[in-house]
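Asker: I have a structure I would like to understand better, so I am pasting it below and will then ask my questions one at a time.
The values are calculated or read from the model by the stated rules, or taken from the named source; none is laboratory data. Only a predicted model underlies this, so the values are computations on that prediction, with no experimental measurement involved. Methodologically, a virtual Cβ is constructed for each residue, glycine included, from the backbone with ideal geometry; neighbour enumeration extends over all protein chains shown.
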Amino acid sequence: MASAATEREINKWRLWGVNRLLETNTSLVLVHEKTGKPPTLDLVKSIYYKDDEEAEDLLEEAKSSLRDMDMKWVILGACDFLTSCPLRTSKDYGNVLLRRSDVFRTFGKTESQGMKLYIEASEALSRFRKIRDLNNLPISHFTKEYLPTELMEYQSSTRKIESTTKDSPPMFQIDMTTSSDVFGLDNEPSNESRSAPRIPQTLFELIKHTSYKDYKASRQGWDDEHKLEEMEDEDMRYLVVKLSNGRLPETEKQWTKDSELDHSIIGFLSFMITQEEDENVVYIYEIHISDHFRDCGLGRHLFKMVEHIGKATGMDKSMLTVFKRNTHARQWYTSRGYEEDEISPRPRKLRGGRSIEPDYEILSKRLQEQGHEKAKS
């Protein structure tokens, strides 16, 4: 999957843009409009970074990776610097105030091309900051703002599932939490934290129970450590499902007999608010429900919840990855309106005319049709 730039990459090229602007215009003897003194690299660092060492590292990193330079961030950095630190040429050069048009001409092939890249970067930065701010919200604030309380409970309309209460089908309670809370990442680490976590071990074993064969049959295979690292990502959120009325089904009907697991958990969905190819998306990573509670509408309800979050937070689309061999899951996603996304991997052609088909595909569902049409125009 190809993702948008990271915050470090954005900052690296913005800082590099300021550095190059000053170097390119050295002959003009630029001075700070307010102080009348020449702008120094220390001034640049003080505006962008509190940590001088971090700024030095980013500049060195930029110098060693110029082939990957993203010009739109370079232009944005130089323009933002002129806004916060207006510069003039010396009296010998007309005492002229530098403007954005000078930046556009310096870095763009033409002024119009530079302006186009600046606008593109400004819009991309706004989208990036939106994702960052959403992920920085405390989970209690996020839930209150973007997930109605009525969606936190679900009662199946089907009676296929045995209920310990004779009068009604089972009621499910759904809690939203973060990877930090699930894995206790903010607590002091212990030697047993990775090998035998409490709630996460239940979620982890549920994934293995439902998807282990698909992973083993794929080229990537199954890797315990890799899966745990993915589950622990700091931006991962979980919708954890518990049975809220009646006791759990008889042991022989449960998906596991492991007494160490939390049997009150009967399913979950994990997702992340992130970016793919500069679009803001809610990406569904896992959805797993124990065998006894399938086909009761719980999966549809979990998707309803995550898609509501996507729409409420202004995400462009909802996305997920599915193994091609899991035809049942793919058909279910298709029935929910998901289609193959443009970034889904294509067959890889080999010498001799052969090709290797990818064993997974990326599906997506557009959540903001109006924004999509605007982006296309």
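Asker: Take residues that are outside the structural domain of Thr274 (by TED's automatic domain parsing) and tell me which of the helices (runs of 4 or more DSSP H) falling wholly in the range 59-148 contain 3 or more.
Answerer: Numbers: elements: 71-84, 100-107, 111-136, 139-146.
Result: 71-84, 100-107, 111-136.
Asker: Picking from Val322, Val282, which residue would you name as being part of a strand (DSSP E or B), touching a residue at least 24 places away in the same chain (Cβ under 8 Å) and more than 24 Å from Met152 (Cβ to Cβ)? Before the answer, list the steps.
Answerer: Working: Val282 fails: more than 24 Å from Met152 (Cβ to Cβ).
Sole residue among the options that is part of a strand (DSSP E or B), touching a residue at least 24 places away in the same chain (Cβ under 8 Å) and more than 24 Å from Met152 (Cβ to Cβ): Val322.
Asker: In the range 207-223, how many are closer than 18 Å to Trp255 by Cβ and either in contact with a helix residue (DSSP H, G or I) (Cβ under 6 Å, 6 or more places away or on another chain) or not in a helix (DSSP H, G or I) (or both)?
Answerer: Here the count works out to 1.
Asker: Another question, if that's okay. If the requirement is being out of contact with any His (no Cβ under 7 Å at 6 or more places or on another chain), within 23 Å of Phe293 (Cβ to Cβ), modelled with pLDDT of 70 or more and buried (at least 16 other Cβ atoms within 10 Å of the Cβ), which of these qualifies: Ile199, Ile207?
Answerer: Working: Ile207 fails: out of contact with any His (no Cβ under 7 Å at 6 or more places or on another chain).
The unique qualifying residue is Ile199.
Asker: Just to verify a result, which residue in the range 207-225, among those that are of a type outside the set (Ser, Thr, Tyr) and within 23 Å of the chain's Cα centre (by Cα), is nearest to Ile284 (Cα to Cα)?
Answerer: Residues of the range 207-225 of a type outside the set (Ser, Thr, Tyr): 207-209, 213-214, 216-217, 219-225.
Subsequent filtering for residues that are within 23 Å of the chain's Cα centre (by Cα) retains 207, 220, 222-225.
Working: Ile207: 14, Gln220: 19, Trp222: 19, Asp223: 20, Asp224: 20, Glu225: 20 Å.
In this case the residue turns out to be Ile207.
Asker: I would also like to ask the following. Working carefully through the options Asp92, Asp80, Asp68, find the one that is among the acidic types (Asp, Glu), surrounded by 15 or more Cβ atoms within 10 Å (Cβ to Cβ) and at pLDDT 80 or above.
Answerer: Only one candidate passes the filter, namely Asp80.
Asker: Same structure again: List pairs: first in the range 289-302 and touching a residue at least 24 places away in the same chain (Cβ under 8 Å), second charged (D, E, K, R), Cβ under 7 Å, 6+ apart or cross-chain?
Answerer: His292/Lys253; Asp295/Lys160; Cys296/Lys160
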